[in-house]
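Everything on this sheet refers to the single structure shown next.
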Amino acid sequence: MDGQLDRRAELSEFLRTRRARLKPEDVGLESYGRQRRVPGLRREELAQLAGVSVAYYTRLEQGNGQNVSAEVLDAIARALRLTDAEQAHLTHLARPKQQRRRAGAPRGKQPVRVALLQLLESIDTVPAYVTGRRSEILAWNRMAAALFGDWGKLPAAERNWARLVFLNPDYRELFIDWDQKAYDMVSFLRMDAGRHPDDPRLSALVGELSVKSEEFRRLWATHDVKEKTYGVKRMRHPLVGDLTLSFETFRLVDDDEQAFITYHAEPGSPSADALRLLASWGTDAAASLPA
């Protein structure tokens, strides 16, 4: 995969896969015809729900989103029952000129502000790190290294969550629900691709992962998208055993492509005791993990 992702193909496949997951009865329509050649809603059914002509919707699903209005996209999003993240992704794909003006051209390095680096260093009991575009890991604290491994030992190009999840077998052991972690990772990356289909480094990453990981190829083909927000992850650390940690994602006000992410344990829980143990071991714990 070279240069950039095909935005028109991405738009076409995204709409087709969203339509395929709905049944007429899901949206209050009567199912006509005993046999349906394809799963999900027909184009004419979706057009009816959205209040647009079949020809207009067909052109859109074929990747021709030129001059489509925000009102029409909203109607289609409601008809497809899109999540907020999916609706944003649809807008990124269908109205790229507006998005490009707002987001700017893809950048190379993503510097982390000095004050943010200082904040990371000052947090000594909670694993925390900063991510950027393409799931790149930009900065982290000592506790993150103790929990996830010393990313400083890796070449800069390999400090990438998608690469670690799909190409590093140690992360299959670390995440108890690895399948969910893998699904989330692809969904985040697909969201990024919608924002920046002309990013050659992102395209190269997707191409590499598609070649090297069958699981990545399968998940990428679903066209599912989501934003990283908050949740719970279960991990099995080689030194302290099982942990259940809650994570929170904070988007930077001055750069929404960077996120500050923290993990914490419920007070008084075995996981909290395990984090304290990791904190006491510090760099020794990080050194024991293969990065």
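Derivation of every value follows stated rules applied to the coordinates shown; laboratory data play no part. Quick caveat, the model's predicted, so the values are computed rather than measured. For neighbour counting, all protein chains shown are included, and Cβ atoms are generated from backbone atoms with ideal geometry for every residue, glycine included.
What dipole magnitude, in Debye to the nearest 20, does the chain give about its Cα centre under +1 on Lys/Arg Cβ and -1 on Asp/Glu Cβ?
Numbers: 44 positive and 41 negative charges, 209 e Å.
Using only the charged Cβ atoms, the result is roughly 1000 debye.
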Which one of Ser122, Gly63, Gly28 has its Cα pushed farthest toward the positive end of the charge dipole of the chain, where Lys and Arg give +1 and Asp and Glu give -1 at the Cβ?
-> Gly63
Residue among Leu245, Tyr230, Trp151 farthest towards the positive dipole end of the range 114-286, charges placed on Cβ = Trp151
Please list, or write none, the aspartates and glutamates whose alpha carbon is within less than 14 Å of the alpha carbon of Lys233, excluding same-chain residues fewer than 8 places away.
-> Glu173, Asp177, Asp179, Asp184, Asp242, Glu248, Glu266
Once you have the Cα-Cα distance between Asp273 and Asp26, take 0.36 nm times their residue separation minus that, and quote the gain in nm to one decimal.
-> 84.3 nm
Contour minus end-to-end for Arg201 and Ala221, with contour as 0.36 nm per residue of separation and end-to-end as the Cα-Cα distance?
-> 5.3 nm
Hey, what number do you get for the chain at 222 nm if only DSSP H runs of n ≥ 4 count, each worth -39500 (n - 2.57), divided across all residues, to the nearest 500?
-> -14500 deg cm²/dmol
3J(HN,Hα) from dihedral phi, the range 145-160, Karplus parametrisation 6.51/-1.76/1.60, rounded to Hz, x for glycine, proline | 5, 5, 7, 9, x, 7, 5, x, 7, 8, x, 4, 5, 9, 7, 8
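Measure up Lys153/Lys226; Lys181/Lys212; Lys153/Lys212 against 24 Å on the Cα-Cα distance and list the ones that go over. Intermediate values should be presented prior to the final figure.
Working: Lys153/Lys226 30 Å; Lys181/Lys212 18 Å; Lys153/Lys212 22 Å.
The answer is Lys153/Lys226.
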Full extension from Ser280 to Thr229: what is 0.36 nm times the residue separation minus their Cα-Cα distance, to one decimal in nm?
-> 15.5 nm
What the Cα atoms of the chain span along the principal axes, largest first and in whole Å, is 65, 41, 34
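With viscosity set to 0.890 mPa s and temperature to 25 °C, compute the Stokes-Einstein D of the range 114-286, Rh being the Kirkwood radius across alpha carbon pairs; µm²/s, no decimals. Before the final figure, lay out the partial values.
Details: Rh = 16.6 Å.
In µm²/s, the coefficient is 148.
Taking a temperature of 37 °C and a viscosity of 0.692 mPa s, what whole-number D in µm²/s does Stokes-Einstein yield for the range 7-94 with Rh from Kirkwood over alpha carbon pairs?
Numbers: Rh = 13.0 Å.
Answer, rounded: 253 µm²/s.
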